[in-house]
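Bear in mind that the values in this text are calculations on the coordinates, not laboratory data. Fair warning: this is a prediction, and the values are worked out from it, not measured in the lab. So basically every Cβ, Gly included, is an ideal-geometry build from the backbone, and we count neighbours across all protein chains shown.
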Amino acid sequence: MRFLCVVGTRPEAIKLAPVILQLSKYAQVTTICSGQHSKLARKPLEWFGIKPDGQIALRSKARTLAKLTGAMFVPLERMISKYSPDVIIAQGDTTTVLVAALTAFYVGVPFAHVEAGLRTGDLNAPFPEEFNRITADRLARWHFCPTKRACDNLRAEGIEQSRLYITGNTGIDALRLTLDRANEVESHKPSLRRILLTAHRRENQGECLEEICRAVIALVDVVKDLEIRIPMHPSPGVRDTFERLCAHRDRVTLLPPLNYEQLVFEMCHAELILTDSGGIQEEAPYLRKPVLVLRDKTERPEAVELGVARLVGARRAEIVRATRELLANKIAYAKMASGASPYGDGYAAERIGAAFGLCATPVSAK
């Protein structure tokens, strides 16, 4: 079989890398970068020893959603014609996934969607990701669902049972592989209690991000043994807001954009994680790190229902209240740090390979 894996952003690269590695053991796999986030997408692939076979070059002006989407179609169609795949694979809910699914449909090549079935039920939260994943799932032949709930969502939408596979989340595969490689990670305990905070989502930019920054300032003012570390997202709007409101504050460290393995290091050394990232919502429970989600809605409710994640939104007062409560309450903290992960055991890629008949099926996903 010939597979074409399309990668657009860093999270896609991280979560598709285990699939690429697994399928490459048994089949011909071509990996291309869509140009959505070229440099950011290539670095995680390099970490996993994957060299892209092709790169779509997009003009820098193609950065509105409409321009970005339109700019990808023709180059991707050319890539498909060049490599003649039997299956096209994409992951998640980005513009790249939307274009990959539509182009595969237009040219008549079966499409496989990794991380299928996530839903909030609100097309505007997150925007435009909810629309992207709904569209990709309507067009997919194979739906690789990270959880039973995701599978149930698709079944309720009328997707045939024969097209549904519960695999676990490939992001946990990537985390497991990285931890296996990073045994040399420092084991010393930071001198201050450490919070890792990441925020970048489109719906949080502007006033909401300013509220998050004010929460950061309030927390370090009140909790004197607390350090907050914030990796900068390359988006100018995100970076400028954090630098304007949080730079030069005692015990607030603005970090440059981190490679994947560096982010894993930061997560491992944090006592608590605040984030609006979907991937970190999955990774934190596996690492036994309580996570406060800076969103009002999440397409990953399983961790919230297990009590290892909590929705707090992007309002200063609620962020400060929830963080202080968790830092002060050892019983509540211990419960959230239980290590209960609903997103699989780190072997989702093997189950995806088995769905294509390329290897034996591992034990069922959790």
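For the stretch 1-74, run through the trypsin sites (Lys or Arg not before Pro) and keep only the ones in DSSP coil with at most 14 other Cβ atoms within 10 Å of their Cβ.
LYS25, ARG59, LYS61, ARG63
Quick check on the stretch 80-151: what does the Kirkwood estimate of hydrodynamic radius come out to from the alpha carbon pairs, in Å?
12.2 Å
Which one of LEU45, PRO85, ILE20 is farthest out on the positive end of the charge dipole of the chain, using unit charges on Cβ (Lys, Arg +1; Asp, Glu -1) and the Cα centre as origin?
Towards the positive end, the residue furthest out is LEU45.
How large are Rg and Dmax for the stretch 193-336 when only the alpha carbon atoms are used, in Å?
Considering the stretch 193-336 through its Cα atoms, Rg and Dmax are 13.7, 40 Å.
For GLU77, put the label point 7 Å out on the Cα→Cβ axis and report which residues of the stretch 6-37 keep their amide N under 11 Å from it.
No residues fall inside that zone.
Hey, could you get me the Stokes-Einstein D for the chain, Kirkwood radius over alpha-carbon pairs, 4 °C and 1.567 mPa s, rounded to whole µm² s⁻¹?
Diffusion coefficient, whole number: 62 µm²/s.
When the Karplus curve 6.51 cos²θ - 1.76 cosθ + 1.60 is applied with θ = phi - 60°, which whole-Hz ³J(HN,Hα) does each residue of the stretch 257-274 get, with x for Gly and Pro?
Calculated HN-Hα couplings, in order: x, 9, 5, 4, 5, 5, 5, 4, 4, 5, 5, 5, 9, 8, 7, 8, 10, 10 Hz.
List the residues whose amide H sits under 5 Å from the amide H of LEU255, counting only those 5 or more places along or on another chain, with H placed 1.01 Å from N in the peptide plane.
Placed amide hydrogens put ILE230, MET232 under 5 Å from LEU255.
Over 32 Å between Cα atoms: which of LYS39/LYS148; LYS148/LYS289; LYS39/LYS297 fall into that group?
Table pairs above 32 Å Cα-Cα are LYS39/LYS148.
Amide H neighbours of ILE89 under 5 Å, counting only residues 5+ apart in sequence or on other chains, H built in-plane at 1.01 Å?
The answer is LEU4, CYS5, VAL6, ALA112.
Report the relative contact order of the stretch 254-295, percent, no decimals, based on alpha-carbon pairs under 8 angstrom and at least 6 residues apart.
38 percent
Over the stretch 1-135, what is the relative contact order in percent, taking alpha-carbon pairs closer than 8 angstrom and at least six residues apart?
About 26 percent, as a whole number.
Charges at C-beta only: +1 for Lys and Arg, -1 for Asp and Glu. How large is the resulting dipole of the chain about its Cα centre, in Debye rounded to 20?
340 debye
Considering the chain as a Gaussian network with a 10 Å cut-off on Cα pairs, which listed residue, ALA57, ALA66, ALA17, attains the greatest mean-square fluctuation?
Greatest mean-square fluctuation among the candidates belongs to ALA66.
State the cysteines of the chain left without a partner when partners are defined as other cysteines whose beta carbon lies under 4.7 Å away.
So, CYS5, CYS33, CYS208, CYS213, CYS246, CYS268, CYS359.
What is the Å³ per residue value for the convex hull set by the Cα atoms of the stretch 256-366?
Cα convex hull per residue, to the nearest whole number: 124 Å³.
On average over all directions, what projected area in square nanometres does the stretch 126-270 have, based on the convex hull of its Cα atoms?
11.2 nm²
Rounded, prolate or oblate: which one fits the stretch 20-153, using the alpha carbon gyration tensor with axes a ≥ b ≥ c (rounded when a/c is under 1.5, else prolate when a/b beats b/c, else oblate)?
It is rounded, given that a/c, with a ≥ b ≥ c, falls under 1.5.
With a cut-off of 8 Å between alpha carbons and a minimum separation of six or more residues, what is the relative contact order of the chain in percent?
Computed value for the chain: 15 percent relative contact order.
Tell me, in nm to one decimal, what length is gained between TYR106 and LEU254 on full extension, where the rule is 0.36 nm per residue of separation less the Cα-Cα distance?
48.8 nm
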